[in-house]
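Below is one structure; the comments refer to it alone.
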Amino acid sequence: MQSPTPQVPGQPAPNNSDIDARLTVELASVVSGARRRAHRDGDQQIDTAHLLHSLVESDPEVREAFDSGPQVARVLGYLVQRSIGYGLRWQGTVEDSGAVPVVTEQGPAVAGWSPAALTAMDGALERAARRGDPQAGGLDLLAALAADRACRAVEVLERAGVDTRSLAWRLACACPQA
């Protein structure tokens, strides 16, 4: 997967504003919420569970993508449990699904983002680009999160009873190609 924010030797690393500029207003708000949640949790980086939590809380389209209202409630309940203590085992660790290197020669790919969260955002941007949209939205991010079998967001979704393979497939089928 080619990153929309490539690291070029000798040039500064991409930053959060490079990513934010390619998001809908709603998804930029989700990212801001994830940043606040990460900071509040004492985490140095936004991880995919932070993104998922903010996404499910704030995007009605995303909530509609789940099989039922009770399923959304279970996801939110699990995320709340994570934020008040369950996630302590994740604190201070870098989420890395193996999709991108944790550290490049120049340092982290984007400061404040776990490698898996950055990969998910890249996937969301690619999904938007495939349908000819210059900005990614909430369903684009949900699709990218659900497709990464090794990310924390999938662990959260599966513990809450979501069939992530089915969710990823439904979202992939719903994305028109440009």
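The values are calculated or read from the model by the stated rules, or taken from the named source; none is laboratory data. Keep in mind that what you see is a predicted model, and the values were worked out from it rather than measured. Methodologically, a virtual Cβ is constructed for each residue, glycine included, from the backbone with ideal geometry; neighbour enumeration extends over all protein chains shown.
The set of residues in the stretch 130-178 being in contact (Cβ under 8 Å) with a residue 24 or more places away in the chain, of a type in the set (D, E, K, R) and in contact with a Ser or Thr (Cβ under 7 Å, 6 or more places away or on another chain) consists of D148, R152. In the stretch 143-178, which residue that is among the charged types (D, E, K, R) and buried (at least 20 other Cβ atoms within 10 Å of the Cβ) is nearest to T48 (Cα to Cα)? Restricting to residues being among the charged types (D, E, K, R) and buried (at least 20 other Cβ atoms within 10 Å of the Cβ), the top hit is R152. Among the residues making up the stretch 65-94, those that are assigned to a loop (DSSP other than H, G, I, E, B) and modelled with pLDDT of 80 or more are A65, F66, D67, S68. Within the stretch 127-162, being over 15 Å from V56 (Cβ atoms), in contact with a helix residue (DSSP H, G or I) (Cβ under 8 Å, 6 or more places away or on another chain) and in a helix (DSSP H, G or I) holds for R127, A128, A147. The single residue among D122, D140 that is modelled with pLDDT of 95 or more, surrounded by 18 or more Cβ atoms within 10 Å (Cβ to Cβ), within 22 Å of A65 (Cα to Cα) and charged (D, E, K, R) turns out to be D140.
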